[in-house]
Amino acid sequence: MTFQNLGLAAELLKAIEQTGYTTPTPVQMQAIPAAIAGADLLVSSHTGSGKTAAFTLPSLHKIIDRRPAPGAGPRVLVLTPTRELAQQVEKAVQTYGKALRWLNTACLVGGAPMFAQVKQLQRQCDVVVATPGRLLDHLNRRKIKLSDVEVLILDEADRMLDMGFAEDIDAIVAATPAKRQTLLFSATLDGVVGSMAARMTRNPQRIEIEVAKENRGQIEQRLMFADDMGHKSRLLEALLGTDDLQQAVVFTATKKSADELSLSLQEKGFAAAALHGDMHQTQRNRTLDRLRQGRIGVLVATDVAARGIDVAGISHVINFDPPRQAEDYVHRIGRTGRAGRDGIAITLSGPRETGLIRAIERFTGDRLAVHTIPGMEPSPRKPAGPRPAGNGGRRFGSGGGGGYGRPGGEGRRSGGGFGRDSQPSGRGERGYGDRRERGSRG
């Protein structure tokens, strides 16, 4: 099947052709015709499945032949959990709608100046992409009206609920027309997501896309045990100094941890920077640009801030703090192994974090292979019960790889790591925060 078979307008097909895409993904093949037909959709689809085009293309198709009345509000509204994802969606709208010279978009996210967004809204906006908190701010200030919305899209609905946006979403939906079309995309359609979907959709068509495990075969997963925070910090420093590391994303549980760990790594000679939800949008954009340009070797990030990072040069993901939610583990390690390249995901586990490791192994069905670095082995631990049976340290869908600590292999420490010099650390061993980041508005 090709995009020509999906019933899209010629202007959209021309834009798709210019992007180089020829064959729609499974979610696009099912969602686009159904959305064009006017059905409400509940779509279970994971990151990387092509879901952005699956809701962007039919939404643009719906408004392509009808210009809005003067003073009308947006006709398409997209809600996303994070600023980076909102920016990506707006870019996709502009890419697929490039032949529609009259098309105006606005991106309303936290961390960006309100007055600039208000200025955007003063012109005729056809498509608005927003995070719930910032959109509600504009709505409460009467800077935007949603009474003309024809298509409401909730992207990564499960993530928005995890971040505490349920009440904001309900308030936003209440401001849209009841006759709108609703397209909800989520990794899961059960639990609270299902309850929310039932409230805001009418006889929805359900589409569930299975994750193709063979497409997850480029990431090798490893587990390293640490005795305490000081030991964990020394392991991280050694890992970041290996020859095969190009760029790395290091995940922490809190914003405070990201700032402190980034500063500590800078003092030890690494080209490190932090990325989290409390940073101003301009600063976040600048950090991501430096990462893409290769000027940052180590990005220390929280889960919320790292959504949507797609940089081919990221060779390693290191979970300095294991994720509290097993589902976040899959998203985290997906930051490496991009563009067909191999990737390595390493999780550091302290004495009190073994329960989180078990939850990850149960969720993925894979047992993480334990690795060590010579001279930095953890103290012997008492057995804490059986770990889930799995496939050891295999890559997703492929064979295993060499481990840290093997003679002549990756266990060798090197001073040639990315952005590393020979200066000793000026900081003693310390912890990196004790509170988990919660999703903040925008």
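Looking only at region 284-325, count every residue that is closer than 16 Å to F270 by Cβ and assigned to a loop (DSSP other than H, G, I, E, B) and tell me the total. Final tally of qualifying residues: 6. Exactly one residue among V76, V27 is under 27 Å from L108 (Cβ atoms) and in contact with a strand residue (DSSP E or B) (Cβ under 6 Å, 6 or more places away or on another chain), and that residue is V76. Which residue, of K268, K255, is in the same structural domain as M224 (by TED's automatic domain parsing), surrounded by 17 or more Cβ atoms within 10 Å (Cβ to Cβ) and farther than 24 Å from F225 by Cβ? Testing whether each residue is in the same structural domain as M224 (by TED's automatic domain parsing), surrounded by 17 or more Cβ atoms within 10 Å (Cβ to Cβ) and farther than 24 Å from F225 by Cβ leaves just K255.
Among the residues in region 89-97, are any modelled with pLDDT under 95, farther than 30 Å from D303 by Cβ and surrounded by 22 or more Cβ atoms within 10 Å (Cβ to Cβ)? Looking through region 89-97, at least one residue is modelled with pLDDT under 95, farther than 30 Å from D303 by Cβ and surrounded by 22 or more Cβ atoms within 10 Å (Cβ to Cβ). As a summary of the residue check, P58 satisfies the conditions (1) surrounded by fewer than 18 Cβ atoms within 10 Å (Cβ to Cβ); (2) at pLDDT 90 or above except for the one numbered (1). Against the list (1) in contact with a Gly (Cβ under 7 Å, 6 or more places away or on another chain); (2) assigned by TED's automatic domain parsing to the domain that holds G337, the condition Q181 fails is (2). So in region 116-172, with the set limited to residues that are within 18 Å of I63 (Cβ to Cβ) and of a type in the set (K, R), which one is modelled with the lowest pLDDT? Only one residue fits best here, namely R123.
The values are calculated or read from the model by the stated rules, or taken from the named source; none is laboratory data. Being a predicted model, the structure only gives us computed values, none of them experimental. As a convention, Cβ positions derive from the backbone with ideal geometry for all residues, glycine included, and neighbour counts pool all protein chains shown.
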